[in-house]
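Undergrad: Before I ask anything, here is the structure I am working with.
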Amino acid sequence: MVIAHHIILTGYGHWLPNDPRGSMSARTYSPRIAALGESHFGRREEQPSRRDLRDFHRKASRHLAHPVLWWNNPERQALALAFETVVREEALTCYACAVLANHVHVLIRKHRLKAEEMSVKFKDSGRRALVIAQLAPPDHPVFSADPCHIYKSNPQAVQTCIRYINGNLRKHNLPHVAYAFVKEYDNWPFHKGEQV
């Protein structure tokens, strides 16, 4: 039983399918990027050094169709407002959100929309917001093609995920942000002693 979706959206070019850290992508579509190294599904046990990771991304950036963008405060604010619009318009319940410098974590309660549909809405809205604010070129995808979806099946997993997402701001040396669209988790679907 799925009760919540942990959705991770990565900025374009920041975590490639054959990233030396491993990835959740099953294949590398660009032959030039594929030539830079083997893909490894999932996180590698042995992580690369910062130097090796920088070298990989420097080489990869030469083969990307668009520049790699970093999200500073104006970009992060625009993305958060775009996500708030999606949450409100689709009547989603959001339990946690962290908009970071190159990726986003969001935890959404089970809904009529599938996780994949939510990801598309968040990506489309976020991209549009950055383009309108002239914080991204009109033809830039802003996000990578493959979002990551991790399904949560019990209240303990939801609470653990909330702590993890909230801890990401501190981990990335960003100030804590209390987004108005994030609701406190109430132990759903067992908040009233209900069985699902």
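Undergrad: Across the range 146-183, which residue is surrounded by the fewest Cβ atoms within 10 Å (Cβ to Cβ) among those that are in a loop (DSSP other than H, G, I, E, B) and without any contact (Cβ under 8 Å) to a residue 60 or more places away in the chain?
TA: Ala178
Undergrad: Given the conditions (1) in contact with a Cys (Cβ under 9 Å, 6 or more places away or on another chain); (2) buried (at least 20 other Cβ atoms within 10 Å of the Cβ); (3) charged (D, E, K, R), and given that Glu84 satisfies all but one, which numbered condition is not satisfied?
TA: Glu84 satisfies every listed condition except (2).
Undergrad: Could I ask something else about it? Among the residues of the range 51-70, how many are within 21 Å of Ala136 (Cβ to Cβ) and at pLDDT below 85?
TA: Number satisfying all stated conditions: 3.
Undergrad: Just to be sure before I move on: is Leu92 in a loop (DSSP other than H, G, I, E, B) and crowded, with 19+ Cβ neighbours inside 10 Å in the structure I sent?
TA: yes
Undergrad: I'd like to verify a number: residues in the range 31-70 that are out of contact with any strand residue (DSSP E or B) (no Cβ under 6 Å at 6 or more places or on another chain), exposed (fewer than 15 other Cβ atoms within 10 Å of the Cβ) and in a loop (DSSP other than H, G, I, E, B), how many?
TA: Adding up the residues that qualify gives 12.
The values are calculated or read from the model by the stated rules, or taken from the named source; none is laboratory data. The model shown is predicted, which means the values in this text are computed figures rather than measured ones. When we count neighbours, we look across all protein chains shown, and the Cβ atoms used for this are built from the backbone with ideal geometry, even at glycine.
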